[in-house]
Amino acid sequence: MATGTLDIDTDLAQRTPVVTASFRLTSEHHVLDHLVSGFGIEGGASWQKGDVDDEAAQARRTHGWAVTLPPQRTYSVDTAISALLHALAPQRDAILQVVGLMEVDVHVCIDVQVAPGHLPVLHASPATIAAMAAYHAACSVALREL
């Protein structure tokens, strides 16, 4: 009987949505490569206009810098956004300085891979919304099937 329960638990775990959260600064005019070492946030990466975006298989239209957290299995998008904002917190003032001084757009991007019938809660708490707003960030959510 324990094996049946284990199979159900494994099946449910595999159906739990996979959520990836990223924070991106993009610019039409400024190369942002220096932010990788300047901020020193784990998971930080940069690209330049014209580089190939591996996920979209097309050339990037802007320069950019991003922090992307490892994918996590969760039904709560708020949990993923909160973890992302927590990772940014030590460099919050430096990020806000860049946002204020440079022509950059700020994005919180959530990629959600779902099994049919297992949608996550697309909810953000007031504290999470306020924290994103402090960065002047737009937020987008992409839903895709596993």
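Taken together, the values in this text are just the output of simple stated rules run on the coordinates, not laboratory data. Nothing here was measured: the structure is a model prediction, and the numbers come from that model. Every residue, glycine among them, receives a Cβ derived from its backbone with ideal geometry; neighbour counts consider all protein chains shown.
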**Study point:** Gain on full stretching of the segment that runs from Glu145 to Lys49 - 0.36 nm per residue minus C-alpha separation
**Key:** 31.7 nm
Check your understanding: Which value, in debye to the nearest 20, describes the size of the charge dipole of the chain about its Cα centre when Lys and Arg Cβ atoms bear +1, Asp and Glu Cβ atoms bear -1, and nothing else is charged?
Key -> 200
**Study point:** Projected label distance in nm at Glu28 and Thr16, using a 7 Å step from Cα toward the beta-carbon
**Key:** 4.3
Revision key, fill the gap. Taking the chain, the equivalent ellipsoid from its C-alpha gyration tensor has semi-axes in Å, biggest first, of 32, 17, 13
Review point. Which value in nm describes the separation of the simple spin-label points at Gln58 and Ser37, placed 7 Å from the Cα toward the beta carbon?
Key: 3.3
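May I ask for the Kirkwood hydrodynamic radius of the stretch 30-80, worked out over all distinct Cα pairs and given in angstroms to one decimal? Please list the in-between numbers first.
Numbers: mean 1/r = 0.0800 Å⁻¹.
Across the stretch 30-80, the inverse of the average 1/r is 12.5 Å.
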Practice item. Sort Leu96, Leu88 so the one with the fewest other Cβ atoms within 10 Å of its own Cβ comes first. Key: Leu96, Leu88
Practice item. Could you work out the Rg to Rh ratio of the stretch 57-115, with Rh taken as the Kirkwood radius (inverse of the mean 1/r over all Cα pairs)? Key: 1.01
